[in-house]
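Everything on this sheet refers to the single structure shown next.
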Amino acid sequence: MKIAVAGTGYVGLVTGVCLAENGNENIMCVDVDEEKVNLMKKGICPIFEEGLEELMQKNYQKGRIDYTTDYKSAYKDSDVIIIAVGTPEKTDGSANLDAIKDVAMQITECITKDVLVVIKSTVPMGTNEKIEKLIKEHLIDKNIRVEIASNPEFLSQGTAVKDMLHGYRIVCGVESEWAKEILQEIYKNFDQPILITNRNSAEMIKYASNDFLALKISFMNDIANLCEIVGADIEEVALGMSYDKRIGNKFLKAGIGYGGSCFPKDTKALHWLAQFKGYELKTVKAAIEVNENQKLKLIKKAAEYFESFEGKKIAILGLTFKPGTDDIREAPSISNIKYLLEDEADIYAYDPVGIKNVQKIFGDSIKYSDSIEDVIKDAEACFIMTEWEDVKNFELKKYRELMKRPLIFDGRNCYDLVEAKNEGLEYYSLGRAPMNPEITTVIDNRNKEQK
Ligand SMILES: NC(=O)c1ccc[n+]([C@@H]2O[C@H](COP(=O)([O-])OP(=O)(O)OC[C@H]3O[C@@H](n4cnc5c(N)ncnc54)[C@H](O)[C@@H]3O)[C@@H](O)[C@H]2O)c1
């Protein structure tokens, strides 16, 4: 089976490579970005994603996967074309489908045989149907069979390869036995349940899943804010909640809010779509509002210490929206840096992999370093935006030794409150109260079989 993948971003490239890794041959990844394609052809991964470059090289050497900008030759005789281009947010919150439509029109120009077009990008309900109509209308040879299937992606950046190879499930939205069989064939070596639904349900499963996770994060941040007011500790609260299997132990961590290229836009897109259809999705609306406030929580706290940040050296630790990725889209660091720059702060930023992308936004208006020590030296305040391992493991005493004033605003709750205090730091984190280690304990009298 010949497979083309349109778009080699975080989703498209991982998809192409993992399909090859699990035995599919003849995969051609297409991108409009020539620089990216040149890198990939040399075996260089254009994004930071653990394990991806090794699998790219392995499968390229086996002759299973290749890269091109020449969409015509790639799509012309493909059996399957997987669309994985971006669907960013428009100013009104709705999803921008321009890139999907571009690929659809390119497909109509050049296909010469029956093809299943699979939309892997996150798209609002009804998009698969609309794109199928668009392709059929513009198709030159009306005898060719073109059908669209929905196959939303659930990977998380930072663990994308693992997520795709060993995910919780694969969802396929189809309208025919033909489409179902093709998708089953492609995914036959994947060790995960394959759920076949209709296309609208598949599209909705993706939004509902992402929005539910965003809701969980915003809920915990909301509770964390209340914890601060009433003197409870969000980490004890989360631990207590996590024992309940109906709640689970994931996504209970309070922080400075969700970012990235998915949760922010997918919550807004679903909310927009509901409103467009005359329904108000109140829960999702609340998740969005809580997140917007959360992003600037540290700055608001810091404003209690500084009348103005003008001319002050401010350290930022972590720029990416989470550890394990170089992606800075909608990262809380960006909105905070913008605010600090408006106030003319002298910003020094550390990140192990995200600097190149941040430089594209802020250029030389901030200074960058891959050394935490350099960034915090003589700083008057430090903001922690991403919980990189080397930030979490950074010795607390160094803040005291190196900073002009050891004042830390930690948006990821990286350090123990008591240890930070004992080290002489002025340390503000989110939703926490000092715990007495002698009191906070878990006593579990169940025997092993019960646990
Ligand atoms: N990033 C994630 O973690 C994630 C997870 C699940 C789903 N998604 C969804 O997957 C989709 C892709 O996201 P992403 O993060 O991989 O995007 P991305 O921005 O990283 O990559 C998109 C790629 O498509 C390319 N492109 C644009 N137009 C093209 C065209 N006409 N032909 C070929 N290539 C073209 C771009 O050059 C870019 O390389 C989005 O809908 C997103 O919501 C993303």
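Looking only at the stretch 69-98, filter to residues that are within 9 Å of the ligand (Cβ to nearest atom) and either surrounded by 18 or more Cβ atoms within 10 Å (Cβ to Cβ) or not assigned by TED's automatic domain parsing to the domain that holds M164 (or both); which one of those is nearest to I135 (Cα to Cα)? Full working, then the answer.
Step one: list which residues in the stretch 69-98 are within 9 Å of the ligand (Cβ to nearest atom), which gives 69, 71, 83-88, 95, 98.
Among the residues that remain, those that are also either surrounded by 18 or more Cβ atoms within 10 Å (Cβ to Cβ) or not assigned by TED's automatic domain parsing to the domain that holds M164 (or both) are: 71, 83-87, 95.
Working: Y71: 16, I83: 13, A84: 17, V85: 17, G86: 19, T87: 18, A95: 20 Å.
Filtering the stretch 69-98 for residues that are within 9 Å of the ligand (Cβ to nearest atom) and either surrounded by 18 or more Cβ atoms within 10 Å (Cβ to Cβ) or not assigned by TED's automatic domain parsing to the domain that holds M164 (or both), the one nearest to I135 (Cα to Cα) comes out as I83.
Do you know which of the residues in the stretch 7-23 that are assigned to a loop (DSSP other than H, G, I, E, B) and not small (G, A, S) is farthest from the ligand (Cβ to nearest atom)?
The qualifying residue farthest from the ligand (Cβ to nearest atom) is N22.
Need pairs with beta-carbon distance below 6 Å; first residue in contact (Cβ under 8 Å) with a residue 60 or more places away in the chain and within the stretch 111-127, second away from the ligand (no atom under 15 Å from the Cβ) and of a type in the set (D, E, K, R); sequence gap 6+ or separate chains.
Filtered contacts from the stretch 111-127: L116/E147.
Suppose the filter is farther than 30 Å from T440 by Cα and out of contact with any Lys or Arg (no Cβ under 9 Å at 6 or more places or on another chain); does L273 pass it?
Here the answer is yes, as L273 does meet what is asked.
Confirm whether V284 is touching a His at 6+ places or on another chain (Cβ under 6 Å) and not assigned by TED's automatic domain parsing to the domain that holds R405.
yes
Looking at the stretch 30-41, I want the residues that are assigned by TED's automatic domain parsing to the domain that holds E54 and more than 9 Å from the ligand (Cβ to nearest atom) and have a partner that is assigned to a helix (DSSP H, G or I) and among the aliphatic types (A, V, I, L, M) with Cβ atoms under 8 Å, at least 6 apart or on another chain. Which pairs are those?
Note: pairs meeting the criteria are M40/L13; M40/M56.
Pairs please, first residue from the stretch 144-159 and in a loop (DSSP other than H, G, I, E, B), second anywhere and within 15 Å of the ligand (Cβ to nearest atom) and of a type in the set (F, W, Y), Cβ atoms under 6 Å, 6+ apart in sequence or on different chains.
Q157/Y10
Taking the conditions exactly as written (more than 28 Å from the chain's Cα centre (by Cα), among the aliphatic types (A, V, I, L, M) and either within 13 Å of the ligand (Cβ to nearest atom) or not assigned by TED's automatic domain parsing to the domain that holds N24 (or both)), does A104 satisfy them or not?
no
Given the conditions (1) closer than 18 Å to R412 by Cα; (2) surrounded by fewer than 14 Cβ atoms within 10 Å (Cβ to Cβ); (3) of a type in the set (S, T, N, Q), and given that N291 satisfies all but one, which numbered condition is not satisfied?
In the conditions (1) closer than 18 Å to R412 by Cα; (2) surrounded by fewer than 14 Cβ atoms within 10 Å (Cβ to Cβ); (3) of a type in the set (S, T, N, Q), N291 misses (2) alone.
The values are calculated or read from the model by the stated rules, or taken from the named source; none is laboratory data. Predicted model, so just to flag it, every value in this text is computed and none were measured. For neighbour counting, all protein chains shown are included, and Cβ atoms are generated from backbone atoms with ideal geometry for every residue, glycine included.
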